[in-house]
1. Report the one residue of 113, 65, 23 whose Cα lies farthest in the direction of the positive end of the charge dipole of the range 17-117 (charges on C-beta: Lys and Arg +1, Asp and Glu -1; origin at the Cα centre).
2. Give me the dipole magnitude in Debye, nearest 20, for the chain about the Cα centre, with unit charges on the beta carbon: positive for Lys and Arg, negative for Asp and Glu.
3. At 10 °C and 1.306 mPa s, what whole-number value in µm²/s does Stokes-Einstein give for the translational diffusion of the range 17-117, with Rh from the Kirkwood sum over Cα pairs?
4. Using only Cα atoms, tell me the angle between helix 27-51 and the longest principal axis of the chain; keep it within 0 to 90° and round to the nearest 10.
Amino acid sequence: MTWYGIVNNSMEIFYVNRKIEKICTDDKFAQKALGKGGALVLRERLKQMRSAVCLEDLRLQPGGWHELKGDRKGELSCSLLGLKRLVFMPADDPCPIKPDGGLDWSKVTAVINLEIVDYH
């Protein structure tokens, strides 16, 4: 799989394809896809990601950062506007797992943004 993105001195952020990268990095595309309000919230969530050293830094920040269940197990999301969510997954290989089998948020230092969707 080819990932597109940037690497910074904090958490690494990748995109599953050019379309999601464009929405996440170009305000014009974000506004077209999400509206002005949605684009503003997306920009804030991405700013939070860029400021984090690891996923654990996001857990208690605004945005409802959480792991998904069921057929979306292994993915995480954060709230955008309304029911829209930014869905992403750890890019760390191997994925850091705690002894109890859960995701070790403190060791996730890279994410892949997958999609913006209303999965409700």
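The numbers here are math on the coordinates, done by the rules we state, and not lab data. Computed from a predicted structure; not experimentally measured. Note that we place each Cβ from the backbone using ideal geometry, even for glycine, and neighbour counts take in every protein chain shown.
1. Farthest towards the positive end: 23.
2. Values: 18 positive and 16 negative charges, 107 e Å.
Roughly 520 debye for the chain.
3. Working: Rh = 14.0 Å.
My calculation gives 114 µm²/s for D.
4. Tilt of helix 27-51: around 30 degrees.
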